[in-house]
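Following: one structure in structure tokens, then a few remarks.
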Amino acid sequence: MEDKIISAVRTFTISINSGSKVVADMSELIDVTSQLPFSSFDYWERIIRSEFSSALKESIHPKWKVWSKSKELVTWLDLMSWDGYKREKALRALCGAAPNTFFFSLTVRRLNDWVPQVRKAAREKLPEIVSSTDPEYVVEALCVALSNWNSWGRIEEADKEVLLKIICEKEIAKSLRSKLILSASGPMPAIFSQLGRTPVLDGQIEEIAKSAIQPSVRAKAYRSLFEGRVTWIEGRKWVWTDIRYCEGR
């Protein structure tokens with residue numbers, strides 16, 4: 001898969017610098033990134049960023065370097081640039097639908113970016129991108145984010161609010177509830193808990209308790225019904241219980 005990624009990135013880079021007036025061809029890159037496992041997202045992001053940076057430098061002929069700045073094209077891959085200014089520029093320049101779950105996830109992850117201006121741009125642009133993106137891509141990316149965001153060290157309450165508003169959109173909420181019930185694997189119990197922050201589970205928990213394929217999701221739903229509440233992890237913080245012996249939890 002790594003070889004396929006490298007090949008697709010280089011093909012895409014060549015199409016950017018081909019001199020053609022046609023929009024750069026992302027078809028191979030979209031096809032390959034659609035097959036990537038999200039459990040290794042950080043790894044694939046590093047690979048693509050590194051290869052794209054190298055390929056851009058190699059593909060620009062010396063005699064055209066003078067003109068390269070004026071012809072610079074902003075692409076979806078600039079969302080993972082080493083340069084925070086480029087990441088922000090990409091967020092503000094991109095419009096229309098995300099081409100697949102990978103690239104929508106890439107946009108969502110900018111809410112945890114280490115540059116505050118990039119996080120701000122992500123907050124402003126995400127609702128616009130969601131409105132034109134395939135709901136299936138949005139739901140898949142949200143499930144990845146919801147199962148991991150308690151470990152995101154830079155995400156702020158304002159950033160979380162953006163995602164929670166997206167979750168509450170009618171079609172998105174319906175798809176998320178369906179995914180909770182029909183998914184045979186994955187971190188669905190954690191996602192169930194995080195969805196409890198919003199009204200999307202109101203009146204639906206009993207159905208989830210009866211119909212969910214995963215036993216752990218049914219158990220979580222029944223417990224919520226018995227207790228009359230839904231609980232979730234807000235974050236993790238190390239606490240020393242006995243610093244003399246370096247013990248904590």
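Things worth noting here:
- For the chain, the alpha-carbon radius of gyration amounts to 1.17 times the rule-of-thumb value 2.2 N^0.38 Å expected for a compact globular protein.
- At R0 = 45 Å, FRET efficiency that the Cβ-Cβ distance of Glu128 and Glu206 yields, to 0.05: 0.80
- Across the accessible surface of the chain, with the other protein chains kept in place and a 1.4 Å probe, carbon and sulfur atoms take up 54 percent.
- Packing rank of 36-48, 136-148, where each peptide gets the mean count of other beta carbons within 10 Å, highest leading: 136-148, 36-48
- Of the cross-linked pairs Lys120/Lys160; Lys165/Lys237; Lys57/Lys125; Lys86/Lys125; Lys179/Lys220, those separated by over 20 Å at the C-alpha level are Lys165/Lys237; Lys57/Lys125.
- ³J(HN,Hα) computed for each position of the stretch 31-45 - Karplus, 6.51 cos²θ - 1.76 cosθ + 1.60, integer Hz, glycine/proline x: 4, 6, 5, 6, 9, 6, x, 7, 5, 10, 4, 4, 5, 5, 4
- Listed peptides 123-135, 90-102, 220-232 by packing density, highest first (mean Cβ within 10 Å): 90-102, 123-135, 220-232
- Solvent exposure of the stretch 87-214 as accessible area per residue, Å², 1.4 Å probe: 42 Å²
- Considering only Val115, Gln35, Ala97, and ranking their Cα positions along the charge dipole of the chain that arises from unit charges at the beta-carbon of Lys, Arg, Asp and Glu, the one farthest toward the positive end is Val115.
- In the chain, the DSSP-assigned H stretches of four residues or longer account for a calculated mean residue ellipticity at 222 nm of -17500 deg cm²/dmol, using -39500 (n - 2.57) per stretch and the full residue count as denominator.
- Our coupling estimate for the stretch 121-130, obtained by passing each phi through the Karplus curve with A = 6.51, B = -1.76, C = 1.60 and θ = phi - 60°, is 4, 5, 4, 6, 8, 4, x, 5, 5, 4 Hz, Gly and Pro reported as x.
- Here the mean projected area of the convex hull built on the C-alpha positions of the stretch 73-196 is 7.2 nm².
- Straight-line cross-link reach from Lys210 at under 16 Å between alpha-carbon atoms covers these aspartates and glutamates, not counting any fewer than eight positions away in the same chain: Asp202.
- Packing rank of 1-7, 49-55, 243-249, 179-185, where each peptide gets the mean count of other beta carbons within 10 Å, highest leading: 49-55, 179-185, 1-7, 243-249
The values are calculated or read from the model by the stated rules, or taken from the named source; none is laboratory data. Given the structure is predicted, the values throughout are model-derived calculations rather than measurements. Because the Cβ atoms are built from the backbone with ideal geometry, glycine has one as well, and the counts that use them run over all protein chains shown. In case anyone asks, the SASA skips ligands and DNA or RNA and just uses the protein heavy atoms, side chains included. Shrake-Rupley method; radii C 1.70, N 1.55, O 1.52, S 1.80 Å.
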